[in-house]
Structures are given as structure tokens and as C-alpha cells.
Amino acid sequence: MRLAPPVMIAHIGSLYHRIHRQCDKIFREHGLPLEMDQIPVLMRLYYSGEASQQEIYSVLGRDKASVNRTITFLAKKDFVRVLKDLTDKRKTRVELTETGNKLAAQTHTILENFNESLAATLTEDERTQFNSLALRLTEAITLR
């Protein structure tokens, strides 16, 4: 006998992967040298300013190795600059370069447009309900 997959997890996973692939496609169409996996680090710096690597992986909920790989990639492309922390020499700070700031602004616009196109498929009530449910599920996972 074959068992059915856990439905909510299957739907969330499918939505996540489709959004990921679509964003990668849109980035390629706009000539952006990024993939969706790198976007959270870039946008964290764009929205909040410079940060330590520890702050980045803590806020994003990603492992150190993943964040370090992304920062190394972004630094090689001259999108970020890695600096020694002035107060604690063991720490490093990461900040966007001018090129990185321009790229992040482009990325923000692209993501905003994609978000609007997704939101347009839902009514205002559905968007409110979706946001509420997504936050509840996120909190439920965070509390475990």
C-alpha cells in the first residue's frame, strides 16, 4: 500500500521550489549574476546595512558554511567588502560595495515586481489570510 505525502509540506515545498526556479529565471533574463540562494545575504545587507557574518547567518537562519560561501562569491564579484571589526579583531564585518548596492537595488525591484504579480492572483482577504497563516507556521517551526 502506498502512503500519501504530508500534504501541507508537499505544497509548501512545491511552492518554494517553483518560486526559487522562477526567480532564478527572472534574474538570468535581467542579466543578474546571482542565484536565489545568494539573494538573502545580499538583501540583508541592502535592507539593514553592514553586519557581521554571525549576524547574517543568525538572522537568516542559515548555517555558517552556506553564508561564508555566499559572502566569498559576492566578494569575488566585488558586490561586498569584508572588513575586520574595529572593536573585536576576531570578527569580520560585511558591507555592500557601490556595485553591490546597485545590484541589490535592481534585485529589490525585480523581487517587488514578482511579489506583486503573485499577490495579484489573490484577493486582498486571501493575501491577508496567507500572510497570517505563513507567519503562524513560521512561528510554530521556530518554537520547536
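Taken together, Ala104, Ala120, Ala134, Ala65 contain a single residue that is in contact (Cβ under 8 Å) with a residue 60 or more places away in the chain, closer than 26 Å to Gln22 by Cα and either exposed (fewer than 14 other Cβ atoms within 10 Å of the Cβ) or in contact with a Phe, Trp or Tyr (Cβ under 6 Å, 6 or more places away or on another chain) (or both), which is Ala104.
The one condition from (1) within 14 Å of Thr97 (Cβ to Cβ); (2) modelled with pLDDT of 95 or more that Thr70 does not meet is (1). Looking only at residues in the stretch 73-90 that are acidic (Asp, Glu) and over 19 Å from Leu103 (Cα atoms), the one that is farthest from the chain's Cα centre (by Cα) is Asp88. Looking at the stretch 109-131, is at least one residue of a type in the set (Val, Ile, Thr), over 27 Å from Arg28 (Cα atoms) and assigned to a helix (DSSP H, G or I)? There is at least one residue in the stretch 109-131 that is of a type in the set (Val, Ile, Thr), over 27 Å from Arg28 (Cα atoms) and assigned to a helix (DSSP H, G or I). Annotation note: of Leu34, Leu42, Leu74, Leu111, the sole residue that is touching a residue at least 24 places away in the same chain (Cβ under 8 Å) and touching a Phe, Trp or Tyr at 6+ places or on another chain (Cβ under 6 Å) is Leu34. Among all residues of the stretch 49-57, there is none that is under 17 Å from His108 (Cα atoms), not in a loop (DSSP other than H, G, I, E, B) and not hydrophobic (A, V, I, L, M, F, W, C).
For the stretch 25-35, the criterion of being on the phi > 0 side of the Ramachandran plot and not acidic (Asp, Glu) is satisfied by at least one residue. Only one of the listed residues (Val82, Val67) is hydrophobic (A, V, I, L, M, F, W, C) and either closer than 30 Å to Leu137 by Cβ or assigned to a loop (DSSP other than H, G, I, E, B) (or both). That residue is Val67. A Cβ distance below 7 Å, combined with a sequence gap of six or more or placement on separate chains, defines the contacts here; from the stretch 18-29, residues that are surrounded by 14 or more Cβ atoms within 10 Å (Cβ to Cβ) and in a helix (DSSP H, G or I) reach residues that are at pLDDT below 95 and aliphatic (A, V, I, L, M) in the pairs His20/Met36; Cys23/Met36; Asp24/Met36; Phe27/Leu34.
The values are calculated or read from the model by the stated rules, or taken from the named source; none is laboratory data. Keep in mind it's a predicted model, so treat the numbers as computed, not measured. Note: ideal-geometry Cβ built from the backbone for every residue, glycine included; neighbour counts use all protein chains shown.
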